[in-house]
Amino acid sequence: MALLIRGGRIITPTEDFTGDIYAEDEHITRIEPQIDPRILAPGAEIVEARGKYVFPGFIDPHVHIYLPFMGTYAADDYESASKAALAGGTTTLIEMICPGAADEPFAAFELWKSKAEKLAAVDYTFHMSVVRFEAHVRDQFRDIVKAGVASFKVFLAYKGALNLSDEHLFAAMRLAKELGVIVTAHCENADAIDALQKALLAAGKTGPEWHGPSRPPVVEADGVHHLCTFAELLGTHVYIVHTSCEPAVRAALAARQRGVNVWIESVIPHFVLDETYAERPDFEGAKFVMSPPLRAKANQDVLWNGVKSRDISTIGTDHAPFRVDQKQMGRDAFTKIPNGIPSIQERIDLVHTWGVVPGRMGLQAMVDACSTQAAKLFGLYPRKGAIQLGSDADLVVYDPAYRGKFSKECSYSNVDYSAYEGWEQKGRASVVTVRGQVQARDGEFVGMIGRGAFLKREPTH
Ligand code: URP
Ligand code: ZN
Ligand code: ZN
């Protein structure tokens, strides 16, 4: 299978030029100002990209697809999530494996992998959550790393569920350092949240608008500081997921100043939605409950500026899809609303519409934050996240002139609402390829279910 992408404006974090890209056998084999059509293999597909951008396939470093959580299961599977990702220009997903405390870690890894095999249309890999770390399970994490999963995930939040004790957190981070794997972390102080939740519920404050007050910014900054203290003691490399607010960003940057190897991820809902969405009446706010919660609007500038300055390395989604009927589980208590705002399809177009078009960030910063940095941090570069000879031909031909509206109607996710319903959309992926095969066109999935491959990764930290 051969592919020629002709005359597009090729954008990487360091380059911006017009040219042709040719791919054969799943890889990029030529990048030239103009490729002679006589060299094309018989049957090669030609994509005209004049007037359009050509980006490396986008990588979402933080998604949940198979997710038993808060008494229910996330609504997507790899088929719906892949279609949604591809329609929005994302070609690689990194999913969080989130087992229960009673589950065996290696069996959980195999279970999560089995959910992707046969259904994935994007390439995929995982972050392995450590939700317990007794001596007898530790060797299983070594085996999981050997099997190609070179990053851990820890939760400082969710007391009584995914939350890891300090003793186990310290030991898990020590193993991560020994193995050279990075630890991704949800940083919010679980005990503080638990106490605040109980006080709010006892005062009759049960609606979704109280989710935010139960997890204020200082609780997140405290979590970041705590994780970074352990990282400082152990030398472990850490990656703070879904950093939502100025105090948390500041805590991470202060640790970096002290020499801690810490990277920051923020996720698209925090860039474009604010706390007032979770305050919407008639339980509508439940659609906007995620953790950390949506914040005061002023924090959004901190996030955009952080991406522009590259203090914030990545923009993910934290796609965690729950239908409206699932959100209803928290009718009587906001603590029971399944947390998550689905965004897997909308991420890139939101970054383009709200970041690039108004000049908050440039195209090169967009590629860096939405593709290249994730590839570099998680051992996928330059196979992914790059437009280079030998890289996988994961490419996005993007039409910046497209105008439309975000809507549930256009979404492949199994969720029955869009957090961005009716918002103006500026730009859209025209053609999306995975290893040289066209998988999406103009917002439609046109590819092959099951084409997605598990990406084995080596420790790089
Ligand atoms: O609200 C969220 N973030 N839901 C998914 C679980 C997590 O904390 O990432
Ligand atoms: Zn989280
Ligand atoms: Zn998450």
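In the condition set (1) surrounded by 24 or more Cβ atoms within 10 Å (Cβ to Cβ); (2) within 24 Å of residue 459 (Cα to Cα); (3) of a type in the set (A, V, I, L, M), residue 248 is compliant with all but (2). The set of residues in the stretch 219-267 being of a type in the set (Ser, Thr, Tyr), part of a loop (DSSP other than H, G, I, E, B) and within 16 Å of ligand 1 (Cβ to nearest atom) consists of 243, 244.
Of all residue pairs spaced 6 or more apart or on separate chains, none has beta-carbon atoms under 8 Å together with a first member in the stretch 285-305 that is over 23 Å from residue 159 (Cα atoms) and part of a helix (DSSP H, G or I) and a second member that is at pLDDT below 95 and away from ligand 2 (no atom under 16 Å from the Cβ).
Within the stretch 59-109, being polar (S, T, N, Q) and closer than 13 Å to residue 124 by Cβ holds for 82, 90, 91, 92. Does residue 361 satisfy the criteria of being hydrophobic (A, V, I, L, M, F, W, C), assigned by TED's automatic domain parsing to the domain that holds residue 268, within 16 Å of ligand 2 (Cβ to nearest atom) and within 22 Å of residue 245 (Cβ to Cβ)? For residue 361, the condition - hydrophobic (A, V, I, L, M, F, W, C), assigned by TED's automatic domain parsing to the domain that holds residue 268, within 16 Å of ligand 2 (Cβ to nearest atom) and within 22 Å of residue 245 (Cβ to Cβ) - is not met. One residue alone among 177, 198 is of a type in the set (Lys, Arg), over 26 Å from residue 140 (Cβ atoms) and away from ligand 3 (no atom under 16 Å from the Cβ), and that residue is 198. Check 306, 362, 379, 316 and return the single one that is over 23 Å from residue 182 (Cα atoms) and of a type in the set (Gly, Ala, Ser). Result of the check over 306, 362, 379, 316: 362. Just one of the numbered conditions (1) among the aliphatic types (A, V, I, L, M); (2) within 20 Å of the chain's Cα centre (by Cα); (3) away from ligand 1 (no atom under 14 Å from the Cβ) is not true of residue 154: (3).
In the stretch 179-187 there is at least one residue that is on the phi > 0 side of the Ramachandran plot, surrounded by fewer than 17 Cβ atoms within 10 Å (Cβ to Cβ) and in the same structural domain as residue 251 (by TED's automatic domain parsing). For the stretch 148-174, a residue qualifies if it is surrounded by 19 or more Cβ atoms within 10 Å (Cβ to Cβ) and more than 16 Å from ligand 3 (Cβ to nearest atom), and the qualifying residues are 149, 150, 169, 172, 173. Screening residue 102 with (1) assigned by TED's automatic domain parsing to the domain that holds residue 363; (2) in contact (Cβ under 8 Å) with a residue 24 or more places away in the chain; (3) outside any strand (DSSP E or B) gives one miss only, at (2).
Whenever a residue of the stretch 76-89 is on the phi > 0 side of the Ramachandran plot and at pLDDT 95 or above, its partners that are of a type in the set (A, V, I, L, M) and surrounded by 24 or more Cβ atoms within 10 Å (Cβ to Cβ), lying with C-beta atoms within less than 7 angstrom and at least six residues away or across chains, give the pairs 89/348; 89/396; 89/429; 89/432.
Residue under question is residue 205, and the condition is that it be of a type in the set (Lys, Arg) and farther than 28 Å from residue 458 by Cβ; does it hold? Judged against the criteria, residue 205 is a match.
Name the single residue, out of those in the stretch 315-356 being hydroxyl-bearing (Ser, Thr, Tyr) and within 16 Å of ligand 1 (Cβ to nearest atom), that is farthest from residue 263 (Cα to Cα). Spell out how you get there, then give the answer.
Step one: of the stretch 315-356, the residues hydroxyl-bearing (Ser, Thr, Tyr) are 317, 335, 343, 353.
With the extra rule that they be within 16 Å of ligand 1 (Cβ to nearest atom), the set shrinks to 317, 335, 343.
Values: 317: 16, 335: 29, 343: 22 Å.
This residue is 335.
The values are calculated or read from the model by the stated rules, or taken from the named source; none is laboratory data. Note that the structure is a prediction, hence the values are computed from the model and not measured. Cβ atoms come from the backbone with ideal geometry, glycine included; neighbour counts cover every protein chain shown.
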